[in-house]
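What follows is calculated from the coordinates using simple rules that are stated; it is not laboratory data. Since this is a predicted model, take the numbers as computed values, not measurements. Cβ: placed from backbone, ideal geometry, glycine included. Neighbour counts: every protein chain shown.
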C-alpha cells in the first residue's frame with residue numbers, strides 16, 4: 001500500500017488540483033471543512 005500512496009497523491013494533483021483555480025480551491029476547502037465539522041458533531 002505504501003508504494004501506491006505517492007502515485008495516488010500525484011494523480012490527484014495532475015487530474016484534479018492542477019486544473020482548478022485558487023478561488024475554486026478555497027471553495028473546496030470551505031466545503032471540506034463544513035463536511036468534517038458535521039462528521040465531528042456529537043450525535044446526541
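Placing pseudo-labels 7 Å out from each Cα toward the beta carbon at residue 15 and residue 33 gives an inter-label distance of 2.8 nm.
Could you tell me whether the chain comes out rounded, prolate or oblate from its Cα gyration tensor? Rule is a ≥ b ≥ c as square roots of the eigenvalues, rounded for a/c under 1.5, then prolate if a/b exceeds b/c, otherwise oblate. Oblate, since a/c reaches 1.5 and b/c is not below a/b. Only DSSP H runs of four or more residues enter the estimate; each adds -39500 (n - 2.57), and after division by the residues of the chain the mean residue ellipticity at 222 nm equals -23000 deg cm²/dmol.
Relative to the longest principal axis of the Cα atoms of the chain, the long axis of helix 22-40 lies at roughly 50 degrees. A full extension of the chain between residue 23 and residue 40 corresponds to an added length of 3.5 nm, given 0.36 nm per residue minus the alpha carbon distance.
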